[in-house]
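A short worksheet on the structure shown next.
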Amino acid sequence: MTTTEFTLTDAERAALPTDEDVRSYAERGWYLSQKLLTDDEVDTLVEASERFYAGHRARRLPSRPAKLAYWEPEHGDVQRHNDYVHYESDEIAAILRKPIIGAVAARLAEAAEIRVFQSTLILKPPSPGEPSNIVPWHFDRHYWQTCTSERMLTAFIPMHECTEEMGTITMVDGSHAWKEIGGDDKTTRHFAERNRSELEDLLVRNAEFNGAQVNKIPMHIPKGHMSFHHCRTYHGSGANRSPRPRRAISLHLQDGDNRYRQFHRSDGDLVVYNHDSLVRRDEAGLADYSDPQFCPVLWQSQTASDETA
């Protein structure tokens with residue numbers, strides 16, 4: 001049953017995606033939300049992120065997975081990525097766990113439950129020539145081969161108005177519906193470990209195979225709004241040409257049906273996601289992607305059609 005934890009105000013209900021928005025998301029693979037966070041909440045995210053960068057933690061990860069993205073001050077003025085910010089910062093987690101965010105995701109994914117899968121705190125410095133500022137074309141499902149779900153999605157949450165000048169996230173319209181070619185073992189490796197031109201070529205090849213145009217749509221996101229994209233939507237971002245940092249959180253979300261599965265590369269090696277060394281085990285001894293410590297529930301409804309309809 002839906003609990004009082006997962007309720008919305010009348011204003012929040014009015015901000016849910018409409019039926020037309022849900023149809024558009026199904027066709028295009030992305031959605032630009034209405035205002036879901038107040039200006040004060042967005043400002044709190046900025047302040048909390050600065051405290052995080054200064055070393056404040058509510059708790060630390062019990063161990064560091066091999067592929068953990070984790071900026072430290074000694075890494076310098078590069079693009080900062082810090083995974084598990086929803087676990088290590090209670091201040092940030094309190095805002096990320098607003099029911100409206102999960103309710104929007106549930107509406108788009110047509111799911112009765114939405115859980116956190118991962119979260120990454122991001123800061124893109126105002127350095128147009130910094131190579132790490134460029135995020136090449138990719139889609140998230142490639143990295144989630146240990147997941148059973150095809151409905152996972154990501155909320156991109158900027159901490160200010162986010163424009164093309166700042167290197168906002170950019171979607172390849174409708175690409176989530178493409179039949180994929182060239183999806184070999186290398187696609188399980190993060191984009192930071194791959195050649196940018198190789199990823200650009202993969203995008204072009206997939207578009208040609210599907211008889212589609214590569215229609216790139218930069219998300220102009222007002223303060224307090226956020227974008228959502230399907231786990232198979234190609235996306236990337238350009239340089240930050242503005243005079244201030246681009247601050248954001250990528251909040252990766254899973255529907256309640258998602259479970260761990262074993263996935264092997266062609267050479268027999270088992271693909272391992274960071275969670276697999278952190279989350280609790282289920283009765284079969286497998287990684288439990290419903291572990292409330294690392295994958296808390298953001299939204300539940302009695303059915304997929306009651307409070308999220």
Subject >> Residue list for region 30-79, restricted to those being among the aliphatic types (A, V, I, L, M) and surrounded by fewer than 14 Cβ atoms within 10 Å (Cβ to Cβ) >> reply: VAL46, ALA54, ALA58, ALA66
Original post:
When residues of region 252-270 are filtered for being assigned to a loop (DSSP other than H, G, I, E, B), touching an Asp or Glu at 6+ places or on another chain (Cβ under 9 Å) and either within 27 Å of ASN82 (Cβ to Cβ) or among the charged types (D, E, K, R) (or both), how many remain?
Top reply: 6
Original post:
How many of the residues in region 147-177 are assigned to a loop (DSSP other than H, G, I, E, B), among the polar types (S, T, N, Q) and touching an Asp or Glu at 6+ places or on another chain (Cβ under 7 Å)?
Top reply: 1
**OP:** Could you check region 1-59 for helices (runs of 4 or more DSSP H) lying wholly inside it with 1 or more residues that are touching a Phe, Trp or Tyr at 6+ places or on another chain (Cβ under 8 Å), without any contact (Cβ under 8 Å) to a residue 60 or more places away in the chain and under 17 Å from ALA155 (Cβ atoms)?
**Re:** 19-28
Subject >> Qualifying residues in region 82-111 (those that are out of contact with any Asp or Glu (no Cβ under 8 Å at 6 or more places or on another chain) and among the small types (Gly, Ala, Ser)) - the one surrounded by the fewest Cβ atoms within 10 Å (Cβ to Cβ) >> reply: ALA94
**OP:** Quick one: GLU20 ticks every box in (1) more than 19 Å from the chain's Cα centre (by Cα); (2) under 23 Å from GLU88 (Cα atoms) except a single one, so which number is it?
**Re:** (2)
**OP:** Can you tell me which residue among TYR84, TYR70 is aromatic (Phe, Trp, Tyr) and touching a residue at least 24 places away in the same chain (Cβ under 8 Å)?
**Re:** TYR84
Original post:
When you go through (1) within 30 Å of LEU96 (Cα to Cα); (2) modelled with pLDDT under 90; (3) in a loop (DSSP other than H, G, I, E, B) one by one for ILE181, which number turns out not to apply?
Top reply: (1)
**OP:** Mind checking which strands (runs of 3 or more DSSP E) fall wholly inside region 207-250 and carry at least 1 residues that are over 18 Å from the mean Cα position of the chain (by Cα)?
**Re:** 216-218
**OP:** Please state which one of GLU27, GLU12 is loosely packed, with under 14 Cβ neighbours inside 10 Å, in contact with a helix residue (DSSP H, G or I) (Cβ under 9 Å, 6 or more places away or on another chain) and farther than 30 Å from VAL271 by Cα.
**Re:** GLU27
Subject >> Conditions (1) at pLDDT below 90; (2) under 23 Å from HIS252 (Cα atoms): number failed by LEU153 >> reply: (1)
Subject >> All positions within region 5-51 that are among the aromatic types (Phe, Trp, Tyr) and over 25 Å from HIS235 (Cα atoms) >> reply: PHE6
Subject >> In region 279-302, the residues that are surrounded by 20 or more Cβ atoms within 10 Å (Cβ to Cβ), part of a loop (DSSP other than H, G, I, E, B) and in contact (Cβ under 8 Å) with a residue 60 or more places away in the chain >> reply: TYR289, PHE294, CYS295, SER301
Original post:
For THR120, are the conditions met, namely being within 28 Å of GLY224 (Cβ to Cβ) and of a type in the set (S, T, N, Q)?
Top reply: yes
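The values are calculated or read from the model by the stated rules, or taken from the named source; none is laboratory data. Model, not experiment: these values are computed from the prediction. Counting neighbours? That spans all protein chains shown, and the Cβs are built from the backbone with ideal geometry, glycine included.
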